[in-house]
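Laboratory data are not the source of any read-out in this text; all were calculated from the coordinates shown. The shown structure was predicted, so the numbers you read here are calculated from the model rather than taken from an experiment. Quick reminder, even Gly has a Cβ in these numbers, built from the backbone with ideal geometry, and neighbours come from all protein chains shown.
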Amino acid sequence: MLVDVEAVVQKNTRLSSDYNVVAIAAQDIAAQALPGQFVMVKPQASHDSLLRRPFSIFEVLRDNAGNLAGLSLLNKQIGVTTRALFNAKPGDSIRCLGPLGRPFSLPGSMTQAWMVAGGVGMAPFLGLAAQLRAQGVTTTLFYGGRHAGELFYLDAFRRLGVTLHLATDDGSVGDHGLVTLPLSRALQRTPPATSAQIYACGPTGMMHAVTKLASTHNRPVEVSLEQIMGCGLGGCYSCVVPVRSPGGMRYVRSCLDGPTFDGTRVVWDQIA
Amino acid sequence: MNVDLSVDIGGLQLANPIIAASGCFGYGLEYAEAVELSTLGAIAVKGLFLDEREGHPPDRIVETPSGMLNAIGLQGIGVYRFVAEKLPPLQAAGAVVIVNICGSSIEEYAEIARVLDDADGVSAIELNISCPNIKKGGMVFGCSQQGTHDVVAAVRQVTRLPLIPKLTPNVTDVASFAIAARDAGADAVSLVNTFLAMAVDVETRRPRLSNVVGGLSGPAIRPIAVRMVHECHQAVEIPIIGMGGIMSAEDALEFMIVGASAVQIGTANFVDPFIWTTLLSDLTTYLHRHQIQQVSDIVGTLSLNVEGSQ
């Protein structure tokens with residue numbers, strides 16, 4: 001059931017000079033959320049900015065007694081909305097609509113999962129990792145960022161039993177370069193018979209590269225796209241993604257048909 | 001006092017005067033989880049051509065101060081699939097359906113209207129002669145009084161359904177277009193569609209929309225839209241459906257006071273899909289407070305006499 005709440009900010013954890021995690025009391029959304037789904041958020045009542053912004057659901061939060069306490073959003077300040085979220089204070093309220101979108105698929109036959117994250121694209125993977133580990137799936141995170149200080153929640157992934165492969169633009173930790181470096185190595189040394197599902201979220205170029213690599217190695221790949229969205233409900237037709245279809249290329253709404261897509265379905269060179 | 005929210009828009013009977021605007025509410029069914037579709041005055045569904053259309057490549061929207069620019073390009077499923085796939089569930093949900101139609105030629109407009117005239121569950125036709133985002137059709141007709149007249153007259157001949165041309169604000173004198181529409185047999189007019197506009201990324205020096213230009217909507221345009229409804233109300237006696245950046249019942253009342261018999265809610269659906277109950281209850285509260293029993297009694301009650309105003 002679709003829920004829209006004025007969610008109270010419980011906690012704002014600064015991770016760096018532009019990344020933070022905002023915990024909000026949106027229990028009714030958290031209770032229904034599946035890994036890969038998103039919420040439409042508006043932290044300010046004013047018309048600047050006017051529209052909500054889509055955010056992956058980062059964590060489903062529970063209190064010490066195990067009761068549902070809300071959800072959190074991984075945020076990087078870039079524009080008006082993300083700046084407001086970066087500066088949110090406990091007690092502030094944030095309009096939050098969700099849960100929305102098609103969650104990640106979790107094939108029952110899967111024994112291994114590889115998650116490939118670039119920057120803020122790590123957001124949907126903490127929840128996915130928790131789900132995968134609960135199902136006993138061997139899980140690996142390939143995680144790239146600009147430098148060591150921009151790779152977050154590594155301990156949280158480790159606690160879940162996730163194997164980490166890191167990459168940074170400046171080589172301050174892990175591979176010096178793109179996250180596709182460790183991914184490529186792992187693909188080459190993994191026997192083709194191993195059933196590994198690949199998930200990717202990050203910059204478009206990265207997801208395109210991951211899709212190509214996965215296809216070369218005959219691995220299924222699911223990407224989580226981050227198109228500019230107007231409404232999140234399928235009403236505005238703004239967030240379309242070009243996909244292959246029997247009749248040729250079609251535009252489908254990423255809020256309804258996505259945000260998760262089979263990477264090989266996406267017509268990458270036509271994406272904005 | 002029981003207030004009566006019902007209105008008559010040129011033969012189209014609505015339980016209340018608040019309508020979902022075309023292009024901002026999908027085919028209505030997308031919003032069924034947020035609002036009981038039967039509680040809306042009506043739903044103007046996304047503009048339909050005869051055949052399916054893919055629309056423009058992304059990026060299709062960009063935010064601007066208190067507004068947004070869009071260039072979707074009328075992506076849609078075409079009238080045949082609409083009648084087969086969307087009308088039955090809309091009918092089952094009790095929705096009052098206004099079908100917004102668009103053509104590349106007068107013949108296409110007329111053909112779509114014929115298809116809709118034969119279908120069950122269509123309450124009115126809104127003629128999109130004002131979309132700024134397509135090269136052929138749409139605003140090409142709406143920017144010429146003769147074009148407006150010819151499209152309306154052609155569609156008038158093939159349908160008995162209430163006919164509502166949706167006017168573009170991208171003209172010098174919008175009232176003259178309301179007159180042209182009336183003279184050609186329109187039952188009502190709706191206005192405004194979006195304002196042709198543009199935004200540029202100064203870092204890349206590229207337009208922010210793939211289509212270069214797009215239509216501006218949202219609160220930024222509301223005062224201009226109110227003025228245009230006011231001008232049309234002075235020029236024609238047929239009902240007017242007003243729209244442009246309405247975010248609250250108070251905004252809707254502005255349009256009604258200057259002469260709109262009903263209003264449409266567009267961009268606000270994107271910001272708050274649950275806005276409908278608030279709009280209706282706030283409108284009712286206003287009528288109670290002003291001791292007005294019929295919402296239609298507020299229409300065109302603008303007081304221009306400063307001395308004698310209450």
Percent of all Cα-Cα pairs per 20 Å bin for chain B, counting from 0 up to the last occupied bin, reads 35, 59, 6
Chain B: longest stretch without exposed trypsin sites (Lys or Arg not before Pro) (DSSP loop, at most 12 other Cβ within 10 Å), sites themselves excluded?
B:1-134
Which of the aspartates and glutamates could a cross-linker bridge to residue A:212, judged by Cα under 16 Å and excluding same-chain residues fewer than eight apart?
A:222, A:262, A:269
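For the protein assembly as shown, what ratio Rg/Rh do Cα atoms give with a Kirkwood hydrodynamic radius?
The Rg/Rh ratio comes out at 1.01.
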Project the alpha carbons of segment A:112-270 onto their principal axes and report the range along each, largest first, in whole Å.
41, 34, 33
For segment B:197-270 and segment B:88-107, what is the separation of their C-alpha centers, rounded to whole Å?
22
Sticking with the crude label model, points 7 Å out along Cα→Cβ, report the distance from residue A:63 to residue B:304 in nm, one decimal please.
6.2
So what are the ³J(HN,Hα) numbers for segment B:157-170, from phi and the Karplus equation (6.51, -1.76, 1.60; θ = phi - 60°), rounded to whole Hz, Gly and Pro as x?
5, 10, 9, 9, 5, x, 10, 10, x, 9, 8, 8, x, 8
Directionally averaged projected area (convex hull, Cα atoms, chain A), nm²:
14.6
Taking a temperature of 25 °C and a viscosity of 0.890 mPa s, what whole-number D in µm²/s does Stokes-Einstein yield for segment B:1-136 with Rh from Kirkwood over alpha carbon pairs?
155
Within chain B, which is the longest segment that contains none of the GluC sites (Glu not before Pro) sitting in a DSSP loop with at most 10 other Cβ atoms within 10 Å?
B:1-202
Highest GNM mean-square fluctuation among A:78, A:57, A:94, for chain A with Cα springs under 10 Å, belongs to A:78
Let's see if you can work this out: charge +1 on each Lys and Arg Cβ, -1 on each Asp and Glu Cβ, no other charges. What is the dipole magnitude of chain A about its Cα centre, in debye to the nearest 20?
280
Between residue B:297 and residue B:140, how many nm apart are label points set 7 Å from Cα along the C-beta direction?
4.9
Label-point gap, in nm, between residue A:87 and residue A:45 - each point 7 angstrom along Cα→Cβ:
1.7
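Longer than 24 Å from Cα to Cα, which of B:46/B:166; A:42/B:86; A:11/A:76; A:76/B:46; A:42/A:89 are they? Say none if no pair is.
Working: B:46/B:166 13 Å; A:42/B:86 31 Å; A:11/A:76 16 Å; A:76/B:46 34 Å; A:42/A:89 14 Å.
Exceeds cut-off: A:42/B:86; A:76/B:46.
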Hey, how many Å between the Cα centroid of segment A:47-98 and the Cα centroid of segment A:1-45?
3
Quick one: of the DSSP bridges fully inside the protein assembly as shown, what percent are antiparallel, nearest 5?
55
Amide H to amide H under 5 Å from residue A:102: which residues, 5+ apart in sequence or cross-chain, H placed 1.01 Å off N in plane?
A:258, A:260
Mind listing the long-range amide H neighbours of residue B:96? Cut-off is under 5 Å, sequence gap 5 or more, other chains count too, H placed in the peptide plane at 1.01 Å from N.
B:43
